[in-house]
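This report concerns only the one structure given below.
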Ligand code: HEC
Ligand code: HEC
């Protein structure tokens with residue numbers, strides 16, 4: 001088991017973390033005692049007290065020192081040992097898979113710092129990193145900083161149907177803000193209403209995806225942006241024609257000059273602006289981030305149970321881990337239709353490696369409630385259906401007659417095994433997914 005250094009933000013160091021309130025016994029004592037010696041100080045805060053009443057305060061310092069020492073709450077060794085025992089009991093009680101769970105214990109354990117949560121169940125060979133809030137800004141390449149003007153140009157290009165041969169289809173036709181930055185369909189339709197081959201993935205978390213696409217055929221967001229323009233099922237244009245069209249337009253040459261310093265419109269610059277815009281789409285600091293940062297009351301009992309199962313018995317963190325909830329790896333979930341009409345060999349089409357037949361990229365699960373229908377096929381209309389299929393270990397197609405010696409026959413990832421979870425547990429996982 002390897003731990004990858006993900007986008008981990010140390011607990012408590014985030015700009016979003018609430019400032020702790022310091023109300024010590026000593027502070028209260030200073031307040032009370034100084035009231036006696038300094039008339040009118042009753043309603044003053046400690047800071048103002050120090051300004052207005054410093055003479056009596058100095059006189060009282062030795063007394064206060066002794067008093068505050070005594071006022072410090074004492075935790076006896078037996079009490080500490082008792083608490084440790086209770087926590088250990090709780091850990092044992094929530095460690096088993098059952099139709100219900102001791103909610104008080106679950107809450108107690110998950111109010112501890114993340115490092116003290118039950119360790120995720122990780123199988124041999126899996127690459128994972130601990131769950132963490134999303135950083136304030138996603139990573140961006142040094143040669144394409146997202147300046148406000150470039151982002152604005154990227155948004156305009158993203159929404160502009162002039163990027164397609166027909167002048168009818170924009171990136172936003174298939175990546176719609178109101179549909180979780182996908183298109184809400186199993187597969188999209190593009191040029192001449194041709195149906196696409198795979199589900200239009202949400203681009204909200206693409207800043208964290210590398211490589212991109214279900215099969216990882218684009219290395220960077222900059223490079224990816226140019227693929228749909230030339231894809232015959234999508235925008236069916238050529239980059240040369242697009243450059244010429246934008247060059248002759250009334251608006252773009254001046255806008256490119258403002259962003260890049262001169263009026264030259266190149267496909268590389270188009271890709272840079274589109275990428276810079278898409279990096280701004282990462283969902284804002286949401287409920288799950290605030291939960292991870294310490295607001296442990298933000299998940300309901302069932303959602304918390306779902307999180308616990310996601311980490312442990314359901315084994316989801318073998319592939320969905322870290323701040324973005326993905327290992328950015330490729331896995332075979334048995335959804336390739338090998339040898340059938342709808343066959344899709346996935347990663348194999350890019351690498352030519354027989355081990356990659358039927359493998360697809362692990363998508364981020366952030367915002368997953370808004371990005372359905374799910375999977376590269378777009379064949380799952382509700383999240384509960386996805387969770388049910390994980391519970392039975394995903395499809396494991398076996399070779400049919402004549403396929404026994406086929407070296408390309410795909411094998412479902414051994415990280416996926418039947419989970420045998422209870423109905424209530426599957427419901428809890430589904431509810432947890434809604435919080436991401
Ligand atoms: C006709 C629909 C359609 C149009 C138009 C379209 N896309 Fe897509 N987009 C898709 C589909 C389908 C996929 C997944 C394809 C695959 O993986 O093989 C995808 C994947 C992506 C991804 C990869 C996401 C990831 O996390 O890996 C990005 C980014 C993206 N599109 C951006 C764009 C941009 C930018 C444009 C405009 C230049 C655009 N798309 C136009 C349908 C479309
Ligand atoms: C072996 C790695 C692996 C494990 C373990 C795993 N996933 Fe996935 N997950 C993937 C891959 C790969 C995909 C995309 C597969 C495809 O489309 O063919 C995916 C897709 C999904 C999707 C659909 C996302 C979308 O945008 O379409 C959901 C939801 C999901 N997984 C939830 C879970 C849950 C819940 C668990 C635990 C029960 C889990 N996953 C365990 C690798 C994994």
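Here is how the numbers come out for the structure above:
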quantity: Point-to-point label distance, residue 295-residue 92, nm (Cα→Cβ direction, 7 Å offset); calculated: 3.6 nm
quantity: Cα gyration tensor category, rounded, prolate or oblate, for the range 217-260 with a/c compared to 1.5; calculated: oblate
quantity: Distance from the range 329-373 to the range 72-105 (C-alpha centre basis), Å; calculated: 42 Å
quantity: Residue 369-residue 280 FRET efficiency (beta carbon distance; Förster radius 22 Å; 0.05 resolution); calculated: 0.55
quantity: Zone of residue 239's modelled label, taken as backbone nitrogen in the range 265-308 under 12 Å from a point 7 Å along Cα→Cβ; calculated: 266-272
quantity: Computed lengthening from residue 168 to residue 351, 0.36 nm per intervening residue step minus Cα-Cα distance; calculated: 62.5 nm
quantity: Simple label model, 7 Å out from Cα along Cβ direction - residue 137 to residue 116, nm; calculated: 3.5 nm
quantity: Whether the range 191-240 is rounded, prolate or oblate, judged on the alpha carbon gyration tensor where a/c under 1.5 counts as rounded; calculated: oblate
quantity: For q = 0.08, 0.10, 0.20, 0.21 Å⁻¹, Debye-computed log10 I/I(0) when each Cα of the range 128-287 counts as one equal scatterer; calculated: -0.23, -0.36, -1.40, -1.52
quantity: For the range 254-286 versus the range 142-178, the gap between their alpha-carbon centres in whole angstrom; calculated: 8 Å
quantity: Residue 396 paired with residue 264, simple spin-label distance in nm, labels 7 Å along Cα-to-beta-carbon; calculated: 5.7 nm
quantity: Length released on extending from residue 417 to residue 84, taking residue separation times 0.36 nm less the Cα-Cα span; calculated: 116.4 nm
quantity: Extended-chain gain in nm, criterion 0.36 nm per residue less alpha-carbon gap, residue 77 and residue 123; calculated: 12.7 nm
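Values in this text are rule-based calculations from the coordinates and carry no lab data. Since the structure is predicted, the reported quantities are computational estimates derived from the model, not experimental observations. Note that each Cβ is placed from the backbone with ideal geometry, even for glycine, and that neighbours are counted across all protein chains shown.
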